Amino acid sequence: MNVPEIFDTMDYGPAPESAAEALAWLVDGGSRYGLFIDGAMTEPGDQFASKNPATGEVLATLTQATQEDVDAAVAAARKAQPKWAKLPGHARAKYLYALARLVQKHSRLLAVLESLDNGKPIRESRDIDVPLVARHFYYHAGMAQLMEAELPDREALGVCGQIVPWNFPLLMLAWKIAPALAMGNTVVLKPAEYTSMTALLFADLCREAGLPKGVVNIVTGDGHVGEMIVRHEGLDKIAFTGSTAVGRFIREATAGNGQSLTLELGGKSPYVVFDDADLDSAIEGLVDAIWFNQGQVCCAGSRLLVQEGVAERFHEKLKRRMDGLRVGDPLDKCIDVGAMVDPVQRDRVVRLLDGSAGEVYHAATPLPEQGCYYPPTLVTGLAPSDALMQEEIFGPVLVSTTFRTPAEAVELANDSRYGLAASVWSENVNLALDVAPKLAAGVIWVNGTNMFDAAAGFGGVRESGFGREGGWEGLLAYTRPKGARKPLKRLEPVAAPAEPKVDGLDRTAKLYIGGKQARPDGGYSQAVWSAKGELLGHVSRANRKDVRNAVEAARGAAGWGRTTGHLRAQILYYLGENLSARAGEFADRLRHLTGAPAKAAAEEVEQSVSRLFTWAAWADKYDGAAKGVPLRGIALAMNEPVGIVGAFCANEAPLLGLVSVLGPALAMGNRLVAVASEPYPLAATDFYQLLETSDVPGGVANILTGKHEELAPHLAGHLGVDAVWSFSSSDLSGLIERESAGNLKRTWVNNGRARDWAGAEGEGRAFLAAATEVKTIWVPYGE
């Protein structure tokens, strides 16, 4: 094609990137790779092929790790961890800084190898992925430097097992390894089977940086290797990015073993376009949202919601833009859409679209004759309930429907089991900032999409997982409070005496649901005895239907999360005031229930009053943050309520344990379903009389009584509950974590360890973090 022809057609000419250096690196490695364990590459074992998806050619053969290999990697990491954690933060910072510099020095090699292995366009790996990798190591070098001063009460978890996906192989490696190393952990990382090459190149960089042996270990292989890591008893944490189905399996597999867990899972992110949006800008943003990395992005804006008045015009403009997209060789710098990672993934997309509802439009753009390609696709005319609107496709397919009002837009956007990200497009900043906080997602982009930075937390809600990566909030996933907790002894209710003492009128305490006292659905109750054999009364024995009713009442009180922190503070202060007014009565109750001396019982009441005042104080003071991200704009980290929290209260502190979970939950705008202390429940049933007279709206706080082990599966398994906490002395941790896998709700369990409810452990930022989700809202500005 000559110059006049180029100007006539306005076609892009090819701009190929040389693969010579990357191919030479592969040849230098013998094109057969072992594992990176204890600072060295092992001899290659049983091999599997790593292919270039654009051509189908084999790039290299990799080792399928065995159980012995995983054991060796964990042992190396365990041996290295104490010494690595004891290094001054400055020493760890120097290593992370060295890794950041090496990533920059080898940036072109890393980018080309990533595109060869993954199929993404070189422009994306060169201009987005690799710079962000360097950014994460730089940022977390700073975090290592600051740890001793800013996180003096926290320490490393230990050895972390990390499993990363194939869509962003090197970037996800950086997201996992950088914070773990900064906080003093060591890692065993498994890259995806399809895309392991840049992880092995990173192993070379670790050696160049002089990283101590065993701090980073990399094992390759298929899903069986991932399962070996997940089930390994020598790991203190599992961090996984991948599909929701696998995340659910990991939650079940790790239940009850005491490991920390973070999951960054799938998404079906809404891309909301209002009629006052800059439509041309919104279309360019949409190209990045859905066809970036061939749509193989967990936070891809794959669900287009357009306001009805501009929908037809928007779709016409979009189709024209789709027709101009260039699909082809990922190493061509003029290419917009590269190859999908593997024929298995492409075939899955084909199956999902076969016989689908709606109108399917494939971009009128040529595809290469060989390689794993699929055209940019738009499906319109879908109902919100259609499978394509609900299921993650994970390919270059955009689905669309329309809305009329902002309220309907929010309802449609939240009509998903996922909650990873969302985009809002409007020239009316008031409208955009009104809608953004209402969307059920961990990350919101206003008039933009796919903005990421190490300083801004990233992660989801609902079935998109839990935990955050990046920012200060991301460090919580790789640290724990210093010190060891003692084992918690199981407390049983006082058994009925041989010669009971029964005085006064019979009293049976009911459940407290929806602001009212309610009889138990099952019609059962149980006696509560003092240590001296006195009958103190009877309490209701709740069952699964009572759990259901309490959750429904909490759902009906959703307005509590929209109240101001000032209002919530006033109510909690008033609750503390009313408890103080009846301090003597509650002290007597505690003394008879627990057999505690009068002074100790009075102290627990006074501590409970103080605790309510503490959480009232926090209600309007747990601030978010404006993140220092490198763009003309701002990333706001906002603390929002988790939603409905189920809590099993501490058995050993019947009043203080209840107040210590009710306080932070309500202060942060959550609704609570609390199960009272099992052996000493009457303190909680007395307390709900205070709720009735302290302006707490019905449904905000609900109190059940009964056996913890009977109620745990129903509360933890309820799909309407967003988080479950357990401080019970019964062994509930494994059961709760396993049952929570249904909707991947957050859990906070004690793993059979005691907590000092009267001391600093009974309050503080750990409770605030458990009672909130960090939502990051990106707002670019400027013309």
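The values are calculated or read from the model by the stated rules, or taken from the named source; none is laboratory data. Since this is a predicted model, take the numbers as computed values, not measurements. When we count neighbours, we look across all protein chains shown, and the Cβ atoms used for this are built from the backbone with ideal geometry, even at glycine.
Here are the numbers for this structure:
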| read-out | value |
| --- | --- |
| Those strands (runs of 3 or more DSSP E) lying entirely in region 92-211 with at least 3 residues buried (at least 24 other Cβ atoms within 10 Å of the Cβ) | 159-163, 186-190 |
| In region 635-660, residue surrounded by the fewest Cβ atoms within 10 Å (Cβ to Cβ) [restricted to those that are over 19 Å from Gly459 (Cβ atoms) and within 22 Å of the chain's Cα centre (by Cα)] | Ala647 |
| Residue satisfying condition, being on the phi < 0 side of the Ramachandran plot, of a type outside the set (S, T, N, Q), within 15 Å of the chain's Cα centre (by Cα) and at pLDDT 95 or above, within set Arg417, Arg462 | Arg417 |
| Residue in region 678-687 that is surrounded by 24 or more Cβ atoms within 10 Å (Cβ to Cβ) and farther than 18 Å from Arg589 by Cβ present | no |
| Residue check, Ser733 in contact with a strand residue (DSSP E or B) (Cβ under 8 Å, 6 or more places away or on another chain) and under 20 Å from Gly460 (Cβ atoms) | no |
| Given (1) outside the structural domain of Pro191 (by TED's automatic domain parsing); (2) farther than 21 Å from Gly338 by Cα; (3) not small (Gly, Ala, Ser), number of the condition Lys94 does not satisfy | (1) |
| Of all residues making up region 542-568, the number that are over 28 Å from the mean Cα position of the chain (by Cα) and among the aliphatic types (A, V, I, L, M) | 2 |
| Test: Ala766 is assigned by TED's automatic domain parsing to the domain that holds Leu719, among the aliphatic types (A, V, I, L, M) and not in a helix (DSSP H, G or I) | no |
| Index of the failed condition, Gly559 passing every other in (1) assigned to a strand (DSSP E or B); (2) touching a Pro at 6+ places or on another chain (Cβ under 8 Å); (3) surrounded by fewer than 19 Cβ atoms within 10 Å (Cβ to Cβ); (4) not charged (D, E, K, R) | (1) |
| Any hit, region 251-261, residues being assigned to a helix (DSSP H, G or I), touching a Phe, Trp or Tyr at 6+ places or on another chain (Cβ under 8 Å) and outside the structural domain of Val310 (by TED's automatic domain parsing) | no |
| Residue match in region 52-62 (condition: of a type in the set (Ser, Thr, Tyr), out of contact with any helix residue (DSSP H, G or I) (no Cβ under 8 Å at 6 or more places or on another chain) and farther than 28 Å from Arg326 by Cβ) | yes |
| Gln307 being in the same structural domain as Arg346 (by TED's automatic domain parsing), under 23 Å from the mean Cα position of the chain (by Cα) and not charged (D, E, K, R) | no |
| Output for region 526-548, where each listed residue is at pLDDT 95 or above, more than 26 Å from Asp695 (Cβ to Cβ) and not in a helix (DSSP H, G or I) | Arg541, Asn543 |
| Number of positions in region 339-371 that are without any contact (Cβ under 8 Å) to a residue 12 or more places away in the chain and either in a helix (DSSP H, G or I) or among the acidic types (Asp, Glu) (or both) | 5 |
| Hey, Ala80 touching a strand residue (DSSP E or B) at 6+ places or on another chain (Cβ under 7 Å) and either in a strand (DSSP E or B) or on the phi > 0 side of the Ramachandran plot (or both) or not | no |
| Filtered residues of region 32-49 (kept if surrounded by 15 or more Cβ atoms within 10 Å (Cβ to Cβ), of a type in the set (Gly, Ala, Ser) and either modelled with pLDDT under 95 or over 32 Å from the mean Cα position of the chain (by Cα) (or both)) | Gly34, Gly45 |
| From Ala760, Ala723, residue being without any contact (Cβ under 8 Å) to a residue 24 or more places away in the chain and farther than 30 Å from Arg632 by Cβ | Ala760 |
| Region 299-338, residues that are crowded, with 17+ Cβ neighbours inside 10 Å, in a helix (DSSP H, G or I) and in contact (Cβ under 8 Å) with a residue 60 or more places away in the chain | Ala311, His315, Leu318 |
| Evaluation of Ser730 against (1) hydroxyl-bearing (Ser, Thr, Tyr); (2) at pLDDT below 95; (3) crowded, with 24+ Cβ neighbours inside 10 Å (one fails), failing number | (3) |
| Residue among Ala496, Ala569, Ala553 that is free of Cβ contacts under 8 Å to residues at least 40 places away in the same chain and either of a type outside the set (Lys, Arg) or not in a strand (DSSP E or B) (or both) | Ala496 |
| Total residues in region 250-267, condition touching a Ser or Thr at 6+ places or on another chain (Cβ under 6 Å) and crowded, with 20+ Cβ neighbours inside 10 Å | 5 |
| Some residue of region 633-640 being of a type in the set (Val, Ile, Thr), out of contact with any Pro (no Cβ under 6 Å at 6 or more places or on another chain) and in a loop (DSSP other than H, G, I, E, B) | no |
| Test: Glu469 is out of contact with any Ser or Thr (no Cβ under 6 Å at 6 or more places or on another chain) and within 13 Å of Thr776 (Cβ to Cβ) | yes |
| Considering residues of region 364-378 that are of a type in the set (A, V, I, L, M, F, W, C) and under 17 Å from Lys317 (Cβ atoms) only, the residue surrounded by the fewest Cβ atoms within 10 Å (Cβ to Cβ) | Ala364 |
| Test set (1) of a type outside the set (S, T, N, Q); (2) under 24 Å from Val215 (Cβ atoms); (3) touching a Leu at 6+ places or on another chain (Cβ under 7 Å) - Ala40 fails condition number | (3) |
| Qualifying residue in region 496-507 (condition: of a type in the set (A, V, I, L, M), crowded, with 19+ Cβ neighbours inside 10 Å and over 38 Å from the mean Cα position of the chain (by Cα)) | no |
| Criterion: of a type in the set (A, V, I, L, M), without any contact (Cβ under 8 Å) to a residue 12 or more places away in the chain and out of contact with any Ser or Thr (no Cβ under 8 Å at 6 or more places or on another chain) - qualifying residue of Ala581, Ala602, Ala587, Ala617 | Ala581 |
